[in-house]
Amino acid sequence: MLQEKEWKLKFNLLLLEILNIKVIPLILAVSITLGCETPNHHSENLEETNLIATKSKIVEEIEKFKDVKFGLGEKFLIEGIDYLSTMNYNRAIYSLSKSIFYNPIPSETKYLLAKAYFNSGKIKNAIDLLEEIKDSELSTFVLPKLSSIYSRLSLSFNYKLPLSYFSLTNIYGILSNRKVFSLPSSIRFFPEKGIAINSFSDGKFLTFDNQFSLSHYTLGKKIVDIAYDDDKKVFWLLGFSELYEYSEGWFNLNVLNINTKKIFKFSGTNFRKISILDEWLYILDTLSKKILVISKEDGRVLFSFPEASLHNPKDLEVYSGKIFVSDSNEIKVFSKYGEHLYSLTFRDMINGFCTFGDSFVVASDNGIFLLSREGNTSSIVEGHKFDDVAIGYENKIYALSTEENRIEVLGNEYLHTYNLDVDIKGVFSQHFPMIGVLVGVRNIQQDFIDNLRSYNFEVLESGASIVMPECEQTYSFLKRKSLYIVIEKSKEVFENIDIITSFLRELLEQLRPSDHINLSIVDENFVTFGKTNVSVLTPLEFIEKKFTAPSERYKILDGISTAVTELLYSVRRNAVLVISSGNLESDSSLTDIYTLLDYAYNNFIPIYVISLSTNNELKTLALSTGGKYYDKSVLLSPTIFLRDYEKVRVFRYLVVFKSLHETLYPDGKLVDLEVRVRYGNLFGKDRTKYVFPKVKKASEGGGAPAGGH
């Protein structure tokens, strides 16, 4: 095969020759038309014959070069698929990019390259490619993948959301010339009931579902806010100093107060917002500027927080066991017991907000904005005042304007794809014809879908359905674990090396011998202790030998990146433990921390960080990948880390099937692979290719050996 540079040069020369051939007949034709003299017929025929022969020869050469170009495209495609199957994403990006360079037409190659970009943390590159092919024949695969990316990353990394924007004035009440609600002050979303709005001035509230089917409820008292109790199947309605347990029953007009089950009255309060967590009600009181925690059973105030009063609190949400409160231009986060965890600052006064994963949708006097976990903002709608906001079905954003008595509905065109995010991570063959596929399955909020069974999966190989593939969750069958420890060789770490060594000794003693351990000491040129079964003495001897003096400069982020990359190839329960000074100013790494975050998150590798000083970037890295962030006190108690490490959930399934191609023996053939997943009324799918393992025929003395990846 011609080398790449050589064939490019020859191809250009041939094009020049063809241009010359095309010019000569053109000159002859013009001469005849103008009546000019032409050469005699004999020489003309001879020259024409020579021209045709030369042209024919050159066309043949070009066809050969076309074949060479196509061949190079196929070569790099096969190479890229092989790297993608083994989760070597950086090499896959190189090879698939080369394949597109030589053969830019196939959408499938671009789809595979987009997946390699996404899994390696290059999110913008992935989005650009997927946007390019979203209207291709692969649209049913591309749009859910875009939906998955936008639903998580657009909120976190300041990508502009493509939004459709329309207004609902009193829902559909305008059609019958009557008002459905009057002066609403809050809007909420409850999965069982839909969007709920209080009609403040007439003591009513209403709910509507995705088709805007309305249900009306009457309390007869001013309603400030609404909460729905999933356990007791009742509403909790908030007045300025009253609390009502309200059962919708069959008679919603509530003329005789028959729907109100409990009434609790409080003195000296001015309630504004209510949320529920377990057996407690959390109520925002704007008079004391605190959160009151009240028993659902008897209405007793159990305790209040925070100790120092809030400044200007306006909204309250409960999500994932935490309490979120807006206070002036901040969102403050507390534990269920009132311990302050952290705060995020917004650019304007916050009127209302709702949670979306780790991020927030914020209503303000200047519009609706997205506030990410890093404190970055991006606008959805600007120039209008909004008082409250909720995210409902299909992730539509419902923004409430009290003054104008209307609701704006903002719908992300990708977020409407409320399906599963299915991602094929790796394909391998250990005992052919058994093929194994690692598959990740998340919902649109990027939460892991657990307890899937074989009947939830369908595998298609080159379009033919596999009969009932076997399936197991990796965290249930992978008893062995692989832990990669990265230690920063800095002055601060060196000063604590004795306590760190003691921590590691106890850690290694409690891991099983069948587990794998890697260890890297990171400075300007970090050194690695190779993967091995767990033992106590050898890694500690390695630390004692290599950690002789601190370094002024180090590359801790490069070290973490190496650890994540190394663990990609291990079909185990993988995790990274980082011990750092927390001072990234001396870090000379080229690795971007947010690319590293995405790389680890997309490949289900939690990162645990022990930092000797507070560092918010490392904290974000740990929490966003499913790991934990610790201060140096954890070094005195390794069991705290071990408890978290043992609980880690690996977001993958192993799907095993018997190849339909086992009798065909197509050595090195590219095989199409599609995995479909059904869970309730949700559906998701992903596709890839894999290189069929080389198999010897029985007549050649071979059986069905272990194959390819």
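A few notes on this one:
- Residue tally, condition open to solvent by less than 10 Å² (accessible area, probe 1.4 Å) and out of contact with any Lys or Arg (no Cβ under 6 Å at 6 or more places or on another chain), over the stretch 222-233: 3
- From Ile323, Ile350, residue being open to solvent by less than 30 Å² (accessible area, probe 1.4 Å), part of a strand (DSSP E or B) and under 24 Å from Gly239 (Cα atoms): Ile323
- When the stretch 387-424 is limited to residues that are more than 21 Å from Asn198 (Cα to Cα) and assigned to a strand (DSSP E or B), the one that is modelled with the lowest pLDDT turns out to be Asn412.
- Qualifying residue in the stretch 375-386 (condition: assigned to a loop (DSSP other than H, G, I, E, B), more than 23 Å from the chain's Cα centre (by Cα) and at pLDDT below 80): no
- When the residues of the stretch 353-384 are filtered to those that are charged (D, E, K, R) and in contact (Cβ under 8 Å) with a residue 24 or more places away in the chain, the one that is most open to solvent (accessible area, probe 1.4 Å) is Asp358.
Listed here are the residues, each with its yes/no results for (1) part of a loop (DSSP other than H, G, I, E, B); (2) modelled with pLDDT of 95 or more; (3) of a type in the set (Lys, Arg).
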position: Lys262; (1), (2), (3): no, no, yes
position: Phe303; (1), (2), (3): no, yes, no
position: Ser309; (1), (2), (3): yes, no, no
position: Lys332; (1), (2), (3): no, yes, yes
position: Leu344; (1), (2), (3): no, no, no
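- Residue count for the stretch 295-320 satisfying the condition of being touching a Lys or Arg at 6+ places or on another chain (Cβ under 7 Å) and of a type in the set (A, V, I, L, M, F, W, C): 3.
- Pair list, Cβ under 6 Å, 6 or more apart: the stretch 486-504 residue under 15 Å from Pro539 (Cβ atoms) and open to solvent by less than 10 Å² (accessible area, probe 1.4 Å), other residue of a type in the set (A, V, I, L, M, F, W, C) and part of a helix (DSSP H, G or I): Val486/Ile560; Val486/Ala563; Phe503/Leu635
- Ile258 satisfies every condition listed in (1) closer than 22 Å to Ser182 by Cβ; (2) modelled with pLDDT under 90 except (1).
- Condition met for Lys290 (within 15 Å of Thr269 (Cα to Cα), open to solvent by 40 Å² or more (accessible area, probe 1.4 Å) and among the basic types (Lys, Arg)): yes
- Any hit, the stretch 333-345, residues being over 33 Å from the mean Cα position of the chain (by Cα) and open to solvent by 20 Å² or more (accessible area, probe 1.4 Å): no
- Set side by side, the residues Lys619, Lys628, Lys694, Lys647 differ, and just one is more than 21 Å from Val467 (Cα to Cα) and at pLDDT 90 or above, which is Lys628.
- Selection count where residues are open to solvent by 10 Å² or more (accessible area, probe 1.4 Å) and either under 30 Å from Tyr117 (Cβ atoms) or not charged (D, E, K, R) (or both), scope the stretch 636-651: 8
- Meets criteria (modelled with pLDDT of 90 or more and hydroxyl-bearing (Ser, Thr, Tyr)) for Tyr217: no
- Against the numbered list (1) closer than 23 Å to Asn525 by Cα; (2) at pLDDT below 85, Arg572 comes up short only at (1).
- Test: residue in the stretch 95-116 that is at pLDDT below 90, among the β-branched types (Val, Ile, Thr), under 19 Å from Asp672 (Cα atoms) and open to solvent by less than 30 Å² (accessible area, probe 1.4 Å): no
The values are calculated or read from the model by the stated rules, or taken from the named source; none is laboratory data. Because the structure is predicted, anything quoted here is derived from the model rather than measured. Reconstructed Cβ throughout: ideal geometry from the backbone, glycine too, with neighbour counts over all protein chains shown. Remember, those area values only see protein heavy atoms, side chains included, never the ligands or the DNA or RNA. Shrake-Rupley method; radii C 1.70, N 1.55, O 1.52, S 1.80 Å.
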